Amino acid sequence: MKLMKSLLAASLATAMIQPAMAYEEGDIIVRVGAATVMPSDDPGDVGGAKLEVSENTQLGVTATYMFADDFGVEVLAATPFNHTVQFEDGTDVATASHLPPTVSLQYYTLKPMEALQPYAGIGLNYTEFFNEKNKANAGIDELTSSFGLSVSAGLDFAIDEHLLLNAAIWYIDIDTEIEGGAADGTELEIDPIVWMVGAGYKF
């Protein structure tokens, strides 16, 4: 009997000190971290020559507003990503920067006494390319902007009732077209996987 009382007391004490990350309607969660864009391995080709797009890491920021206990709307933003388009042999074709703001509807599986909180989302991405630079004298003028769907998943780990650690991943449908020069009209299916690892705060 004494052992059972001791075990019960220990269980209650553990439950009381375990951080809870239950999100409620009206909460705002801001997450900041290192975001890496990893483009598709086969974005396109010019005259049969395969093209590649380099990956890049920047500062990523997400802000989520919980409009219900189980659902939130997230906005993904970042400092501009910089990429090099090149042929498979390493010859540079062009460089460009882009901003990929993405808005997602998220679903949270809320379990108030658990420190780990997974979530999943589906959303819409808009990618704007800018600062394009021709690197192969091919007459490239610009890359067109892109609209596409995204799917995402993430995991929060509660440090306390406000601070958290976060890991998240997105797959984003990003398609652009080269305008100008010999490659005019060439489509690039960038379709990246985006990773972000960082920390956050629940307001």
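The values are calculated or read from the model by the stated rules, or taken from the named source; none is laboratory data. All values reported here derive from a predicted model rather than from experimental measurement. Note: ideal-geometry Cβ built from the backbone for every residue, glycine included; neighbour counts use all protein chains shown.
Summary of computed values
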read-out: Selection from segment 47-104 of residues that are farther than 19 Å from residue 131 by Cα and of a type in the set (Gly, Ala, Ser); value: 47, 48, 49, 60, 63, 68, 72, 90, 104
read-out: Candidates 85, 73, filtered to the one that is within 20 Å of the chain's Cα centre (by Cα) and either modelled with pLDDT of 75 or more or surrounded by 14 or more Cβ atoms within 10 Å (Cβ to Cβ) (or both); value: 73
read-out: Residue satisfying all of: in segment 156-187; buried (at least 16 other Cβ atoms within 10 Å of the Cβ), acidic (Asp, Glu) and within 14 Å of residue 146 (Cβ to Cβ); modelled with the lowest pLDDT among these; value: 179
read-out: Residue within segment 118-132 that is touching a Gly at 6+ places or on another chain (Cβ under 7 Å), surrounded by 15 or more Cβ atoms within 10 Å (Cβ to Cβ), of a type outside the set (Ser, Thr, Tyr) and in a strand (DSSP E or B) present; value: yes
read-out: Subset of segment 23-40 that is in a loop (DSSP other than H, G, I, E, B) and of a type outside the set (Asp, Glu) - its residue that is modelled with the highest pLDDT; value: 26
read-out: All strands (runs of 3 or more DSSP E) inside segment 141-199 with 2 or more residues being within 26 Å of residue 30 (Cβ to Cβ); value: 146-158, 163-172
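Listed here are the residues, each with its yes/no results for (1) touching a residue at least 60 places away in the same chain (Cβ under 8 Å); (2) under 15 Å from residue 26 (Cβ atoms); (3) acidic (Asp, Glu); (4) outside any loop (DSSP other than H, G, I, E, B).
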residue: 62; (1), (2), (3), (4): yes, no, no, yes
residue: 65; (1), (2), (3), (4): no, yes, no, yes
residue: 68; (1), (2), (3), (4): no, yes, no, no
residue: 86; (1), (2), (3), (4): no, no, no, yes
residue: 89; (1), (2), (3), (4): no, no, yes, no
residue: 93; (1), (2), (3), (4): yes, no, no, yes
residue: 96; (1), (2), (3), (4): no, no, no, yes
residue: 114; (1), (2), (3), (4): yes, no, yes, no
